[in-house]
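Colleague: Handing you a structure now.
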Amino acid sequence: MTAETYRELAESAWRWVLTQVRWDDGPWIPESITEPAPTADRNGLYAGVGGLAHVLAEIRLTRPWTAEEKELADAITAQVTAAIPAEQGATFFDGLVSSLGVLTALEAPGADAAVSRLEELATPTGWPQAIVGPPRYLPEARINDLTLGTAGVLLGALWARRHGVEAATGLAERAATVLLAEGDDLPTGTNWLFVSARYRTDAGTQMPNLSHGVAGIAATLALAGSELGRPDLVEASRRGAEHLVSLGVRGGDGFVVPRYIPSDVNDEDEFTYTWCHGASGTSLLFLALDHAGVETIAGESPLTWHRRLLHSVRSSGLPERRYPGFWDNDGRCCGTAGVGDIFLDSWDRARDPVDLEFTLRLADALVERAMREDSYAYWRFVEHRADDPLLPPGIGWMQGAAGIAAYLFRIARVCAAPADAVSLPRMETWWAVSGARPQPS
């Protein structure tokens, strides 16, 4: 398909998203069209208006904002900034780390205030959270992972530091210290659980990939070691990657890690290929290790492991819905758009035509699955176990039309002018695109 096809669909989807923005006491969006009211996470990246900031940042590389878009950007900035002094959450998805990403995407001030608030909320064991609790977790439980826990704070601190916030260095050092203390040294390397065993009342289930497991935590430690000049953090990351490799399955040119350990806790496939729990997202760990100068992991270079993971994604059969339950999602978190962005980053970094060919195949699938309504477009994901398997259309960044539209805007720019297309670094991917360099300590 052509650049014009992708661009037209991106614009149609974005127009639909704009029709879903509510203006009750500031802007908000429903998680889906069936949601009646704003949630507590109305400013967040995952499903709130904060995620729209990242679409606006992508659009700005394509064309000037309209007056409506400028008004929305200003309102998001004002709302997110005003919420920082009282914000209790520290997460990448919806809390203060999300706010860092939103404000920097909009090139707005306020990142220093978010860093200061994260420092205020810090405890010797990490950041308080209201996501997990009794009976499975103790009341003072802390989360370690990239999206909801301490590793996310570390990632946000590094991002703020790259945007000139001086106090972010101290915040990054604090978060790294907490993570080092929570690692479990094993014969296979170092492991980090979503929530450390000392806070749990049961054995629990591990989710070792990027979003909730050792892959995401080790990635942030590699970046911190590189950015802060801390070889001990790079070594901790390397040991985390060694352990991750011991959990996975290597076959031919591929490599995959189970989404759950033990793998029989539910009826889901043992392996998936998504940003959150699969090979696409976990590939970012090995780019972080390469960025940090690590030469080998379990006898192979980080870039070899990166290519192994991407090979497994390409050969998995996606984006075809091969059987009920396989590839039922087209969003960023768990589906087609998120995988497509990973492969576009890889192409941007290494210019391997295989990566571009695959990301175009994913974009074509999004075109084919789009649902049209007048001048609008959206997507409906599938829950094959439901009586009506088509889910309501999602709106936001991680699970809706906004995030898919941003990917389509990007692929349209690449198709129109491959040599000149600029990739937009984001907090969770900046080291995966061309031009990433360590900052001076």
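The values are calculated or read from the model by the stated rules, or taken from the named source; none is laboratory data. This one's a predicted model, so the numbers in the text were calculated from it and none came from an experiment. Here Cβ is always computed from backbone atoms with ideal geometry, including for glycine, and neighbour counts include all displayed protein chains. Accessible surface is based on the protein model in full, side chains and every heavy atom, while ligands, DNA and RNA are left aside. Shrake-Rupley method; radii C 1.70, N 1.55, O 1.52, S 1.80 Å.
Colleague: Mean projection of the alpha-carbon convex hull of segment 308-374 over all orientations, in nm²? Don't skip to the end; give the middle numbers.
Modeller: Details: hull surface 20.9 nm².
With every direction weighted equally, the projected area is 5.2 nm².
Colleague: Let me ask another. Going by average Cβ density within 10 Å per residue, which order do the peptides 339-349, 228-238 take, highest to lowest?
Modeller: Details: 339-349: 25.2, 228-238: 19.7.
Per-residue Cβ counts within 10 Å, averaged per peptide and sorted highest first, yield 339-349, 228-238.
Colleague: Take the Cα atoms of the chain, build their convex hull, and give its volume per residue in Å³. It would help to have the intermediate numbers written out before the result.
Modeller: Working: hull volume 62.2 nm³, N = 441.
Normalising the Cα hull of the chain by residue number yields 141 Å³.
Colleague: Follow-up question, since we're still on this one. Taking the chain as a Gaussian network, where each spring joins two C-alpha atoms under 10 Å apart, which residue of 113, 40, 83 fluctuates the most?
Modeller: Sorting by GNM fluctuation, first place goes to 40.
Colleague: Report, in cubic angstrom per residue, the convex hull volume of the C-alpha atoms of segment 185-286.
Modeller: Values: hull volume 11.3 nm³, N = 102.
Looking at segment 185-286, the number lands at 111 Å³ per residue.
Colleague: Can you give me the accessible area per residue for the chain, using a 1.4 Å probe, in Å²?
Modeller: Values: 16630 Å² over 441 residues.
For the chain, the solvent-accessible area averages 38 Å² per residue.
Colleague: Translational diffusion coefficient, Stokes-Einstein: compute it for segment 65-134 using the Kirkwood radius over C-alpha pairs as Rh, at 20 °C and 1.002 mPa s, and state it as an integer in µm² s⁻¹.
Modeller: Details: Rh = 12.9 Å.
Approximately 166 µm²/s, per Stokes-Einstein.
Colleague: Here is a follow-up. Report the equivalent ellipsoid semi-axes for segment 21-125 in whole Å, largest first, defined as the square roots of five times the eigenvalues of the gyration tensor built from alpha carbon atoms.
Modeller: Details: eigenvalues 105, 58, 25 Å².
Ellipsoid semi-axes (Å, largest first): 23, 17, 11.
Colleague: While we're here: Taking all protein chains as present, what is the carbon and sulfur share of the accessible area of segment 96-243, in % to the nearest whole number, probe 1.4 Å? Mind showing how you got there, number by number?
Modeller: Working: 2790 of 5060 Å².
On segment 96-243, the fraction of accessible area on carbon and sulfur atoms equals 55 percent.
Colleague: Per DSSP H run of at least 4 residues, take -39500 (n - 2.57); add these up for the chain, divide by its residues and hand me the 222 nm value, nearest 500 deg cm²/dmol. Please report the intermediate quantities before stating the final value.
Modeller: On the way: 14 runs with 201 residues, N = 441.
The helix-only estimate for the chain comes to -15000 deg cm²/dmol at 222 nm.
Colleague: Cα gyration tensor of segment 199-253, axes a ≥ b ≥ c as square roots of the eigenvalues: rounded (a/c below 1.5), prolate (a/b > b/c) or oblate? Write out the running numbers ahead of the final one.
Modeller: On the way: a/c = 2.46, a/b = 1.26, b/c = 1.95.
Here segment 199-253 falls in the oblate category.
Colleague: Grab the alpha carbons of segment 255-342, take their convex hull, and tell me the volume per residue in Å³. Mind showing how you got there, number by number?
Modeller: Working: hull volume 8.1 nm³, N = 88.
Enclosed volume per residue, from the Cα hull, is 93 Å³.
Colleague: Could you bin all the Cα-Cα distances of segment 100-195 into 10 Å bins starting at 0 and give me the percent of pairs in each, rounded to whole numbers?
Modeller: Taking all Cα pairs of segment 100-195, the binned fractions are 16, 44, 29, 10, 1 percent.
Colleague: Sticking with this structure for a sec: Using the Kirkwood formula on the Cα atoms of segment 355-441, what hydrodynamic radius do you get, in angstrom to one decimal?
Modeller: Answer for segment 355-441: a Kirkwood hydrodynamic radius of 15.4 Å.
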